[in-house]
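Notes for the one structure printed next.
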Amino acid sequence: QVQVVESGGGLVQAGGSLRLSCAASGSTFSINAIGWYRQAPGKQRELVAGISSIGSTNYADSVKGRFTISRDNAKNTVYLQMNSLKPEDTAVYYCNVNQYGLDFWGQGTQVTVSS
């Protein structure tokens, strides 16, 4: 079992930056991919960025060039650096950890970008 805890959300003005952290604990051996998702009110949850166990990354088109995902395997932590934030980035951001084909989710962290 893997426990996932997100942190780092908050309120920021458009153009600002935030860094989200996703810490995995428990049985973290052989964690595969880790991804950041977000869900805005009335919308479906969508993948924002993902990183594999070997460091390969992928991003949603809407965040390319603004967001950067990184991984510290020693700390079992994944970061999402978000720059040039826009009001449309406002959402609850969730971390997903995939291990042996199972998905583990955190409770989410709110990001609000004011115009």
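The values are calculated or read from the model by the stated rules, or taken from the named source; none is laboratory data. Just so you know, these numbers come straight off a predicted model, no measurement behind them. Don't worry about glycine lacking a Cβ; one is built from the backbone with ideal geometry, like all the others, and counts go over all protein chains shown. SASA here: full protein model, heavy atoms, side chains in, ligands and nucleic acids out. Shrake-Rupley method; radii C 1.70, N 1.55, O 1.52, S 1.80 Å.
Give the residue, chosen from Ser53, Ser84, that is touching a Lys or Arg at 6+ places or on another chain (Cβ under 6 Å) and part of a loop (DSSP other than H, G, I, E, B).
Ser84
Please work out if Ile69 is among the β-branched types (Val, Ile, Thr), open to solvent by 20 Å² or more (accessible area, probe 1.4 Å) and without any contact (Cβ under 8 Å) to a residue 40 or more places away in the chain.
When the stated conditions are applied, Ile69 does not pass them.
Considering only residues that are in a loop (DSSP other than H, G, I, E, B) and touching a strand residue (DSSP E or B) at 6+ places or on another chain (Cβ under 7 Å), look in the stretch 56-65 and name the one that is surrounded by the fewest Cβ atoms within 10 Å (Cβ to Cβ). Spell out how you get there, then give the answer.
Narrowing the stretch 56-65 to residues in a loop (DSSP other than H, G, I, E, B): 56, 60-65.
After this cut, where a residue has to be touching a strand residue (DSSP E or B) at 6+ places or on another chain (Cβ under 7 Å) as well, the list is 60, 63.
Working: Ala60: 15, Val63: 22.
Top of the filtered list is Ala60.
Scan the stretch 72-97 for residues that are under 15 Å from Gln39 (Cβ atoms) and of a type in the set (A, V, I, L, M, F, W, C) and report the count.
Number of matching residues: 4.
For the stretch 72-93, give me each residue that is under 11 Å from Val4 (Cα atoms) and open to solvent by 40 Å² or more (accessible area, probe 1.4 Å).
Asn76
Specify the residue that is farthest from Gly15 (Cα to Cα); the eligible residues are those in the stretch 94-111 that are of a type in the set (S, T, N, Q) and loosely packed, with under 15 Cβ neighbours inside 10 Å.
Gln107
Listed residues Ser27, Ser17, Ser56, Ser21; which is closer than 15 Å to Thr112 by Cβ and of a type in the set (Ser, Thr, Tyr)?
It is Ser17.
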